[in-house]
1. Output the residues belonging to region 143-157 that are touching a strand residue (DSSP E or B) at 6+ places or on another chain (Cβ under 8 Å), within 14 Å of residue 89 (Cβ to Cβ) and charged (D, E, K, R).
2. Of all residues being assigned to a loop (DSSP other than H, G, I, E, B), of a type in the set (S, T, N, Q) and open to solvent by 80 Å² or more (accessible area, probe 1.4 Å) in region 159-172, which is nearest to residue 210 (Cα to Cα)? Just the residue, please.
3. Would you mind telling me which numbered condition in (1) among the aliphatic types (A, V, I, L, M); (2) more than 18 Å from residue 261 (Cα to Cα); (3) modelled with pLDDT of 95 or more residue 168 fails?
4. Could you check how many residues of region 340-367 are open to solvent by less than 90 Å² (accessible area, probe 1.4 Å) and either closer than 20 Å to residue 273 by Cβ or touching a Ser or Thr at 6+ places or on another chain (Cβ under 6 Å) (or both)?
5. Kindly evaluate residue 121 against the criterion of being free of Cβ contacts under 8 Å to residues at least 40 places away in the same chain and either farther than 20 Å from residue 83 by Cα or surrounded by 15 or more Cβ atoms within 10 Å (Cβ to Cβ) (or both).
6. With surrounded by 14 or more Cβ atoms within 10 Å (Cβ to Cβ), over 20 Å from residue 220 (Cβ atoms) and of a type in the set (Lys, Arg) as the only criterion, which of 64, 5, 15 stands out?
7. Given the conditions (1) of a type in the set (A, V, I, L, M, F, W, C); (2) more than 27 Å from residue 43 (Cα to Cα); (3) in a strand (DSSP E or B), which single one is not true for residue 135?
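The values are calculated or read from the model by the stated rules, or taken from the named source; none is laboratory data. Just so it is clear, the model here is predicted, and its values are computed rather than measured. Don't worry about glycine lacking a Cβ; one is built from the backbone with ideal geometry, like all the others, and counts go over all protein chains shown. Accessible surface areas use protein heavy atoms only, side chains included; no ligands, DNA or RNA. Shrake-Rupley method; radii C 1.70, N 1.55, O 1.52, S 1.80 Å.
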Amino acid sequence: MDKRRPELSNQELKRILQVKCGWKVHNIDRLDSFEDSNFFVKYENSCGSRLYEEMQAMVKLSHRRNFCQQKAEKERKVMEHLKDDGFICTLCLSFPDDKWFHETDDGQFVIRLFSFIPGKPLKNCLHKIDSKRMIKELGGFTGKLHKSLKTITKEISLESRPNDPWILENSTCLRTLLKDIKISSEERDDIILKILQKFEDNVMPLFKELQKGIIHNDIHDLNIIVNYKDGNLHPIYDAEDNTKRETKFGLIDFNDIAYSPYLFEVAMIIRDLMVDVEDVDSIDIGGHFLNGYKEFCHISDKDLQLLPYCILVGLCQYIVVGESEFQKQPDNEYTRLGADSAWLMLQKLQNVAEEEMTRQWNRILKS
């Protein structure tokens, strides 16, 4: 797989959108991205009833060799299901020829269009809001999301991706990447390898018993859109009819959806919150999140026992995959986003037993 982000000039992208979509583009902003190239576009559309009204959309540019039409179609169905179930999430937009993607004339790239959710990434206002309340509400949102996704898991079959290091069960991929990292340290490698071993000894033997289904697999504070004002998160707007929904969270970027244990997604979200939220005790974060999650999805005692091992491996993902990818894309600092903070958190948690984390969560859950 080509790991370099696809490159297309704003001028050429503007030309394609004009020719293929009839858009009069006002502005194109390139956004941070890991592998694909993403753009925020403001435009006028002379095709249809919204004549010359300024509109907004997200445009994703991918290498043709990395694009799978069947996978993209399944992503689209997941988004539409969630939209129908009351969630605010980005949706695929079709081209005027009713296709969901466009291949560039040279055959190198694929362009896809997505709806824009008005608001701000949660990351932009993390330090201005009531963190405990937000964490519990995000737990409830995730529980509701998993409950909804359970209803379509049998309808949409996703192929396994055993070589994807961002899927938690593929911990052996982290071992391989760790060997290839040029700049490393014996202390860091030793800690990471011990964590991977504990995960493989304690979690993976029970893998078949864990409840699985379709998960988003990339829920973090840059993929969560909120309506922030005056120190609070407010109900978010539905861009299609400009009405408020009850939910405070919108969800974007479904490019990494996977069939995996729901517990693993819970672990990855808590991992991100532990790295990013500074005004709540790092271990307590898991308890507050689970307090909201359990309102919609059951968390067993066994899940609680396994969760610390999963969170620790999630932290290892940031460090190992981020450093490995940065060596391939030294001009892309986004690939290392969170890696340094994850290492600091991993060092801090070396002095905390997994059982202590579970006890702390249970104290919050029972309070």
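1. Matches in region 143-157: none.
2. In this case the residue turns out to be 160.
3. Condition (2) is where residue 168 drops out.
4. In the first step, residues of region 340-367 are kept if they are open to solvent by less than 90 Å² (accessible area, probe 1.4 Å); the result is 341-343, 345-347, 349-350, 352-354, 356-358, 360-362, 364-365.
Of the ones still in play, those that are also either closer than 20 Å to residue 273 by Cβ or touching a Ser or Thr at 6+ places or on another chain (Cβ under 6 Å) (or both) are 341-343, 345-347, 349-350, 352, 354, 356-358, 360-362, 364-365.
Going through region 340-367 one residue at a time, the tally reaches 18.
5. Values: free of Cβ contacts under 8 Å to residues at least 40 places away in the same chain: no; either farther than 20 Å from residue 83 by Cα or surrounded by 15 or more Cβ atoms within 10 Å (Cβ to Cβ) (or both): yes.
When the stated conditions are applied, residue 121 does not pass them.
6. Working: 5 fails: over 20 Å from residue 220 (Cβ atoms); 15 fails: surrounded by 14 or more Cβ atoms within 10 Å (Cβ to Cβ).
Answer to the selection: 64.
7. For residue 135, the exception is condition (3).
Listed here are the residues, each with its yes/no results for (1) modelled with pLDDT under 95; (2) within 13 Å of the chain's Cα centre (by Cα); (3) farther than 24 Å from residue 174 by Cβ; (4) buried (at least 20 other Cβ atoms within 10 Å of the Cβ).
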position: 219; (1), (2), (3), (4): no, yes, no, yes
position: 237; (1), (2), (3), (4): yes, no, yes, no
position: 241; (1), (2), (3), (4): yes, no, yes, no
position: 246; (1), (2), (3), (4): yes, no, yes, no
position: 250; (1), (2), (3), (4): no, yes, yes, yes
position: 261; (1), (2), (3), (4): no, no, no, yes
